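Heads up: the structure comes next, in structure tokens.
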Amino acid sequence: MIVENIPIKRRTSLTPPPDNQGGRARLLLMGIGMLIAFGLLVVRLYDLQINFKEDFVTEARENSEVTHKISASRGLIYDRNGVPLVRNAPAFQIAIIPIKQPRSDNSIEQRMQRMTIYNQLAQMINQPGVTAGDIYTKVYNASIRPYDSVVVAENVPRDIALTIQEQSLEMPGVVVESVGSRAYPYKELFGNIIGFTGKIPEETKDEYDKKFYESNDRVGLAGIEYSVEEAVRGIKGEETVLVDASGEELGTVGDPIPPQEGNGVRLTIDLRLQQIISDALLPIMQLRNSPRGAVVALNPNTGEVLGMVTVPGYDNNMFARGITQKEYEALQDNIQRPLINHATSDNVPPGSTFKIVTSAALLEEHAVDENTVINDPGTFRIPDLYDPDNPNKGQQFYCWINLSTGGGHGAQRIRDAIRNSCDTFFYKAVGGYAQEGIDGMGPEKLAQWAQTFGISETNKLEIGGGNGFAPTPLWKRNTYGEVWTTGDSYNFAIGQGYLGATPLEMANVMATIANGGTLLQPQLIREVVDNQGKVIQPFQPKVVRKLPISDATLRLIQQSLFDVVDQGTGVESKIPGFNYAGKTGTAEFCDFEAVKTGVCYNGMEYLPTHAWFLAYAPYENPQIALAVYIWNGGQGSGVAAPVAQRILANYFNVPLEHPKQVETTRGTSE
């Protein structure tokens, strides 16, 4: 085809113009559309700039302003005289701020840069469970909050923390943080009382979140530290800082809100007495090779716990600084349970110290009076029910003195029986003895009186603990499917058998007698004070009940307890020129720990015994009530009473030229 031959139509002035009607319509529609679009754009711009202005300003501020919490100092814990028992000491932890880490458009290169830092950091920290992989996982999981620090290692030694701080410029994003921690200068002396602080456990984080705690906060986890958490935690402050896109802080915004220091707590404990108790108890326990024991001292007029020593204990600094798995396993595996407060939790037979309760019950239930005479031949037999005339059958019972001298106490009134700790008197008065026409008070009433004195009552001490147990015939039937026997009543009467009590409960029994019959709730917290020393929560004694005991009964028991020390089973622990009341106790036992450690075994001629002694002093104006308990300690008079003697002499500054010598071999005294 030849192009030149194609005719070309040209417009000339003689050619009529085309029809433009359709073009104008299209142009009109395009104009209208552009006007509408422009109008919508104007409306949207107005909406964004005017209606949503505050939202965008707030969002921009949030992206550039970061609010930091300022930790508050934890309130201190003091003894009753204002001596600090704890110190606030900084602990160091290593953290990473995600936004400040090396960043790169190349994800592989970025990860390599960060892992190099993590490896270097893990080598410097050198702690189990802190590897580069662990650090990476923690930071990755927290990346949704890039401005918040992520703790990767806790309780880092100070020298290592300072070294990391010095090299932090070479490790972008790594920071050393100082967090509030505790130092406990008195270690085992107060470990089971004060307890310790630590990081919030994972299983309770939701509970603490509701109380506005943060995941890295340190809180009280045991003892007084736990029970006074709300009082001593303080109120955190706040500081807002301006940051750039890389997370670098450019300055503060506004005035910071300063933190408020936590309140202080004064305990009822007297540090001086606490040390006196420890110094008296530990050497005697070592002489007797006893691994466990406790002493409780109460103010009988207020219920304040003046002293409480429990052995074995633990150094609470281990928990404050971060206990190792090996250390924790050593505590857990110790059969004598150092993590348990034995003063509040050892539920053991109290032996003859319980005769104080038995005496009150017998007198108030009119089973005996002050002139009732019961004969103690040293040993006697309960005839066999089915063959009563057969001397080879039946059950033989002994008073402790028979094992010592081969004889008996003879005719005993109740005051004599308390002074001499005569088992036979209490056997027959509670369980009865038909051969002499004695019906006996019965175990049900004795159990009621044990409960009245607070034994088996729920422990309400601020640090918790256990409680004793007062058995009944119904309990034995329901528990063992067996009937209660006369022998059960005899054992119950002298603080043996199924009966159990804690040292705290027995100290409170003595305090109740000392103060004239008022059972008070023991308390460890004396008052809460603010950081200016102003008392904001004063101490108030808490009366549990006024015991239904006559003045005559109280006087008789008080006089008898004075006789115990003046001329009875505790006479060798007298303090010349100083009057006090006391009661010895020697309690046979064979518990799990005794079997496990070979202290108790089948075929033993005599069961091992706990050594007990209760006291209050001065006799004329009681200011202190004591319970001394030594597991497998031997005799109360020969082991526990000398502990009390030394405590009282030192506490009241009474010279003691010839302290009672401790019995180092098994004896047969009470």
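Might you let me know whether segment 199-206 holds any residue that is under 21 Å from ILE269 (Cβ atoms) and either of a type in the set (D, E, K, R) or assigned by TED's automatic domain parsing to the domain that holds LEU306 (or both)?
Within segment 199-206, none of the residues are under 21 Å from ILE269 (Cβ atoms) and either of a type in the set (D, E, K, R) or assigned by TED's automatic domain parsing to the domain that holds LEU306 (or both).
Hey, does segment 47-57 have a residue that's modelled with pLDDT of 85 or more, open to solvent by less than 60 Å² (accessible area, probe 1.4 Å) and out of contact with any helix residue (DSSP H, G or I) (no Cβ under 6 Å at 6 or more places or on another chain)?
Within segment 47-57, not a single residue is modelled with pLDDT of 85 or more, open to solvent by less than 60 Å² (accessible area, probe 1.4 Å) and out of contact with any helix residue (DSSP H, G or I) (no Cβ under 6 Å at 6 or more places or on another chain).
Given the options PRO283, PRO300, name the one that is modelled with pLDDT of 85 or more and in a loop (DSSP other than H, G, I, E, B).
PRO300
Looking at segment 210-221 only, could you name the residues that are surrounded by 16 or more Cβ atoms within 10 Å (Cβ to Cβ) and not aromatic (Phe, Trp, Tyr)?
ASN216, ASP217, ARG218, VAL219, GLY220, LEU221, listed by residue number.
So ALA132 clears everything in (1) closer than 15 Å to VAL176 by Cα; (2) aliphatic (A, V, I, L, M); (3) touching a helix residue (DSSP H, G or I) at 6+ places or on another chain (Cβ under 9 Å) except one condition, right? Which one?
With (1) closer than 15 Å to VAL176 by Cα; (2) aliphatic (A, V, I, L, M); (3) touching a helix residue (DSSP H, G or I) at 6+ places or on another chain (Cβ under 9 Å) applied to ALA132, the lone miss is (1).
Taking segment 94-125 as the region of interest, how many residues are in contact with a helix residue (DSSP H, G or I) (Cβ under 8 Å, 6 or more places away or on another chain), of a type outside the set (A, V, I, L, M) and either part of a loop (DSSP other than H, G, I, E, B) or open to solvent by less than 40 Å² (accessible area, probe 1.4 Å) (or both)?
Residues meeting the conditions: 6.
Can ILE340 be described as modelled with pLDDT of 95 or more and aliphatic (A, V, I, L, M)?
Judged against the criteria, ILE340 is a match.
Taking the conditions exactly as written (open to solvent by less than 40 Å² (accessible area, probe 1.4 Å), among the acidic types (Asp, Glu) and not in a strand (DSSP E or B)), does GLU207 satisfy them or not?
no
How many residues, within segment 383-403, are of a type in the set (A, V, I, L, M, F, W, C) and open to solvent by 90 Å² or more (accessible area, probe 1.4 Å)?
Of the residues in that region, 1 qualify.
Select from segment 99-114 the residues that are among the β-branched types (Val, Ile, Thr) and touching a residue at least 60 places away in the same chain (Cβ under 8 Å) and list them in ascending order.
ILE99
In segment 336-367, what count of residues is obtained for those that are part of a helix (DSSP H, G or I), of a type in the set (S, T, N, Q) and open to solvent by less than 40 Å² (accessible area, probe 1.4 Å)?
5
Working only within segment 506-519, note down all residues that are open to solvent by 10 Å² or more (accessible area, probe 1.4 Å) and touching a strand residue (DSSP E or B) at 6+ places or on another chain (Cβ under 8 Å).
Scanning segment 506-519 gives ASN508, ALA514, THR518.
If I filter segment 470-479 for residues that are crowded, with 17+ Cβ neighbours inside 10 Å, under 30 Å from SER73 (Cα atoms) and assigned by TED's automatic domain parsing to the domain that holds GLY394, do I get at least one hit?
no
State yes or no: is ASN81 assigned to a strand (DSSP E or B) and at pLDDT 90 or above?
Here the answer is no, as ASN81 does not meet what is asked.
Out of segment 513-571, which residues are more than 28 Å from ILE414 (Cβ to Cβ) and touching a Pro at 6+ places or on another chain (Cβ under 7 Å)?
GLU527, the sole residue that qualifies.
If we only count strands (runs of 3 or more DSSP E) wholly inside segment 538-635, which ones have 2 or more residues that are open to solvent by less than 20 Å² (accessible area, probe 1.4 Å) and touching a residue at least 24 places away in the same chain (Cβ under 8 Å)?
Correct list: 581-588, 609-617, 624-630.
The values are calculated or read from the model by the stated rules, or taken from the named source; none is laboratory data. Remember, predicted model here, so these are calculated numbers, not experimental data. FYI the Cβ positions are ideal-geometry reconstructions off the backbone, even for glycines, and counts take in every protein chain you see. With ligands, DNA and RNA removed, areas are computed over all heavy atoms of the protein, side chains included. Shrake-Rupley method; radii C 1.70, N 1.55, O 1.52, S 1.80 Å.
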